[in-house]
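Quick notes on the structure that follows.
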Amino acid sequence: MKAIRVHKFGGPEVLQLEEIQEPKAGPGQVLVEIKAAGVNPVDTYVRSGSYAQTPPLPYIPGGDAAGIVKAVGDGVKRFKPGDRVWVARAGGYAAVAACDATLVHPLPANLSFGQGAAVGVPYATAYRGLHHKAQARPGETLLVHGASGGVGIAAVQMGVAHGMTVIGTGGTERGRKLVAEQGAHHVLDHGTPDYPKRLLEVTEGRGADVILEMLANVNLQKDLDVVARFGRIVVIGNRGTIEINPRGAMGKDATIAGLALWNAPPNELASIMAALTAGLANGTLRPVVGREFPLAQAAAAQQAVLEPGAYGKIVLVP
């Protein structure tokens, strides 16, 4: 079968399309024929070797995927061949993947495989940030900084469903239109210097109770300027260093929390997966696919996922 493998850490050029032996479903595993695989910024950090956790070499990238069950291993009762599924932690840059059954979930018939591949990392990250880290409450104001990407869209949809007033920012007109379509009550252009002032205006001077931050090295000080008293800032994405004034947190009793999805303990991850499965089934969660690339163009897809002007999820199609 065809698969992308990484034999050494480095730039996009280390993503090699190879012909390898198809895996088999071991005990507790589900063998999935991959129809779409998600591309996330974290994939690029792992590939470069700079991430806090790196897999042993060689490895097949990809934390999200969707497809059709091809076979099940011993002990698996929830699925049968032919079932449509989405998968988290998949090794999805391949034609077929052997996946832990606990991370395989039913894909509703009204969702495409591309949408299924847009669930795992972005939606689980948004849910953990909003509910486990920030302990968001209905009636609070949520700022999603960089709301037009995969995690941002998920956060907007979850915040709206949770009864929050949602403010999303985007860097392009197209992205801001998408954020508005997902139900955000206010949409701001984070490329304009006065957007923090606009945020304070729409919150009547209070600021945001919860901020989900996708690019902390650019925005963290601005977040401290607009966070509400007793507010919570959750750092989801970061690509460098930034100098901040901690008094912004002190004066408001605000909290800055970091988030890495792989740190979620098993019981927390199980609750996240149950919530996402329910949200997909009842239509609350509606993944958006922005671009599709063939599997052979994995390098181009990983470059695209880091470009400004995010618009939905990027997926690979084997």
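The distance linking the stretch 1-63 with the stretch 226-245 is 31 Å (Cα centroid to Cα centroid, whole angstrom). For MET164, the amide hydrogen comes within under 5 Å of the amide hydrogens of GLY139, counting only partners 5 or more places away or on other chains and with H modelled in the peptide plane. The share of accessible area on the chain that comes from carbon and sulfur is 53 percent, using a 1.4 angstrom probe.
Compute the helix-to-body angle for 216-226: its Cα long axis versus the longest principal axis of the chain, expressed 0 to 90° and rounded to tens. Around 40 degrees separate the two axes. Taking GLY62, GLY205, GLY290 in turn, the Gaussian network model of the chain (Cα-Cα springs below 10 Å) assigns the largest fluctuation to GLY205. For helix 150-161, what angle does its Cα long axis make with the longest principal axis of the chain, in degrees from 0 to 90 and rounded to 10? The angle comes out near 60 degrees.
Of all the options VAL121, VAL76, VAL156, the one that moves most in a Gaussian network model of the chain with Cα springs shorter than 10 angstrom is VAL76. Cross-link partners for LYS133 among the lysines, with Cα-Cα distance under 22 Å and sequence neighbours closer than 8 places in the same chain left out: LYS222, LYS252. Surface exposure of the chain, expressed per residue as accessible area with a 1.4 Å probe, stands at 43 Å². Placing +1 on the Cβ of every Lys and Arg and -1 on the Cβ of every Asp and Glu, with nothing else charged, gives the stretch 1-142 a dipole about its Cα centre of roughly 300 debye.
Along the stretch 58-74 the Karplus relation, 6.51 cos²θ - 1.76 cosθ + 1.60 evaluated at θ = phi - 60°, assigns HN-Hα couplings of x, 9, 9, x, x, x, 10, 6, 8, x, 10, 5, 9, 6, 10, x, 4 Hz to successive residues, with x for each Gly and Pro. Multiplying the residue separation of ASP194 and ALA52 by 0.36 nm and removing their Cα-Cα distance gives an extension gain of 47.6 nm. Its Cα gyration tensor gives the stretch 1-61 an equivalent ellipsoid; the semi-axes, largest first and in whole Å, are 22, 14, 12.
Taking a sphere under 13 Å around the Cβ of TYR311 and counting the other residues whose Cβ falls inside, with K and R at +1 and D and E at -1, yields a net charge of +1. Of the residues ALA101, LEU57, GLY91, the one whose Cα sits farthest toward the positive end of the charge dipole of the stretch 1-109, with +1 on the Cβ of Lys and Arg and -1 on the Cβ of Asp and Glu, is ALA101. Working note: Karplus 6.51/-1.76/1.60 with θ = phi - 60° gives the stretch 27-37 the couplings x, x, 10, 10, 8, 10, 7, 6, 9, 7, 10 Hz, where Gly and Pro are set to x. Between ALA274, ALA25, ALA147, the GNM of the chain built on Cα springs shorter than 10 angstrom shows ALA274 fluctuating the most.
The values are calculated or read from the model by the stated rules, or taken from the named source; none is laboratory data. These figures come from a predicted structure and were not determined experimentally. Don't worry about glycine lacking a Cβ; one is built from the backbone with ideal geometry, like all the others, and counts go over all protein chains shown. When the accessible area is computed, the model is the full protein with side chains, heavy atoms only, and any ligands, DNA or RNA have been set aside. Shrake-Rupley method; radii C 1.70, N 1.55, O 1.52, S 1.80 Å.
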